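Bear in mind these aren't lab numbers, they're just calculated from the coordinates by the rules spelled out. Fair warning: this is a prediction, and the values are worked out from it, not measured in the lab.
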Amino acid sequence: MDNEFYHRTVLPNGIRVITAAMPTVRSASVSLYVGAGSRYERDEEAGLSHFLEHLLFKGSKKRPSAKEISEAIDGVGGVMNGGTDRELTIYYIKVARTHLDLALDVLTDLVRHPLLDPSEIEKERHVVLEELAMVADSPQQLTDLLMDALLWPDQPLGRDVAGTPESVLALTQEMVAEYLQRQYVANNIVIALAGDIDHQQMVDAISAALGDWKPGTPSHWFSATDGQGPRFGLRYKATEQAHINIAMRGLSLNHPDRFALSFLSTILGEGMSSRLFMELREKRGLVYDVHSYSTHFLDAGAFIIYAGVDPKKAVETIKVILEEVARLRDEGPTAEELTKARELSKGRLLLRMEDTRAVSGWLGGQELLLGKVRSVDQAVAEMEAVTLEDLQRVARELIVEEQLHLSVVGPYRSDKRFVPLLQL
């Protein structure tokens, strides 16, 4: 499939290759997406997708050590990394255009021919445990994890992508190898490239490197369930600030109202002119950091507000945030706020699309998750179509008292002061 924005080819084994030509840039980026993540894991496999992502950088057939892999890209001034989320795993390299062949060789080799050396597995297990310990020392991240567990209790969507120390310690070499064979199959792979490139040349290069990769039957992700658990979560930690998340369930990745919700978040808490920033920081001097954001998954989503505040002022801060949330629902945003949110969102997108890494991510992420790619112009047109009535309707539908959730991490032993606040 071709259009002005991108070209798409499906290889005989099912690998999808998508490219965007950016003739005036000097860099090139290649992103390889896999349908693997925490939502694909059984309970006993918690953290396995993330653990495997770490391991693939520890040695491959052509470059049998982590040093050789990293030096290949460092040596040409490139950047390379990987990441695991709930619904996908990504590996990417960005280099000067002249080194794209090297980047492709490194990336395809480490994903297709990892060594999975037992000694490296044990060393990396301890690295991941240190990563989990780092999160345990980060109260803001703990607040996020606590909120995920409230919104989606007892299911993969509600747990840490990296798993727990107990689950990571229980992962075996056999489990890693089996998961690799299950999820890392050709028809579960998307490779997206952006830069001054020719589509057919990229297709030919990838076909030569990965044409023998067999397709398979990867596991499907676990659907979200809406069982109502507790709406408040507290974790004691001797911190200087109270870390607060207030959240409601949101919208899925492909929901027609997703831009309306994003605009509501922008109006409420994104940027230094947002309602929450002006009210809590500029007017009242309560906080340094307050912001909101929306997350979108394949079948679920969330609308979340975060604030860090003096523990003595946490109750007051929560009350003020909820007052602003209720005002947004009851009075709705203004036409001026809609215009500002729309232009801010368009500007962020358009500026980001000047970077080859961002463009390859835009292509690959959509193709893997949705099976189609929305062009930048299409996304802008969808933003332009959002009306003030859409914002008012979405605010009324989503900002519902029964859906309020509150998570707090701070120096509190009791939840008595917080539970009564969950009302609009």
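So which residue, out of 118, 215, 311, gets the largest mean-square fluctuation from a GNM of the chain using Cα contacts under 10 Å as springs?
118
Taking the Cα atoms of the range 7-210, what is the range of coordinates along each of the three principal axes, in descending order and whole Å?
Per principal axis, max minus min of the Cα coordinates gives 46, 36, 33 Å.
Could you give the semi-axes, largest first, of the ellipsoid that matches the range 232-421, computed as the square roots of 5 times the alpha carbon gyration tensor eigenvalues and rounded to whole Å?
31, 18, 16
Relative contact order (percent) for the range 232-421, with alpha-carbon contacts under 8 angstrom and 6 or more residues of separation?
Value for the range 232-421: 38 percent.
Considering only DSSP beta bridges where both residues belong to the chain, give the percentage that are antiparallel (nearest 5).
The antiparallel fraction comes to roughly 80 percent.
Using only Cα atoms and rounding to the nearest 10 degrees, what angle (0 to 90) does helix 258-269 make with the longest principal axis of the chain?
50
What number, rounded to the nearest 500 deg cm²/dmol, is the helix-based mean residue ellipticity at 222 nm of the chain, given -39500 (n - 2.57) per DSSP H run of at least four residues and division by all its residues?
Roughly -13000 deg cm²/dmol at 222 nm, from the helical runs in the chain.
Viscosity 1.567 mPa s, temperature 4 °C: Stokes-Einstein D of the range 328-424 from its Kirkwood Cα radius, in µm² per second?
Rounded, D is 76 µm²/s.
For helix 376-385, what angle does its Cα long axis make with the longest principal axis of the chain, in degrees from 0 to 90 and rounded to 10?
The angle comes out at about 20 degrees.
Using Cα-only point scatterers and the Debye equation, what is log10 of I(q)/I(0) for the range 116-170 at each q in 0.17, 0.29, 0.30 Å⁻¹, rounded to two decimals?
Reported log10 I(q)/I(0), two decimals: -0.60, -1.13, -1.16.
At each listed q (0.08, 0.10, 0.13 Å⁻¹), what is the log10 of I(q)/I(0) that the Debye formula gives for the chain modelled as equal alpha-carbon point scatterers?
Cα-only, vacuum Debye calculation for the chain: -0.49, -0.77, -1.23.
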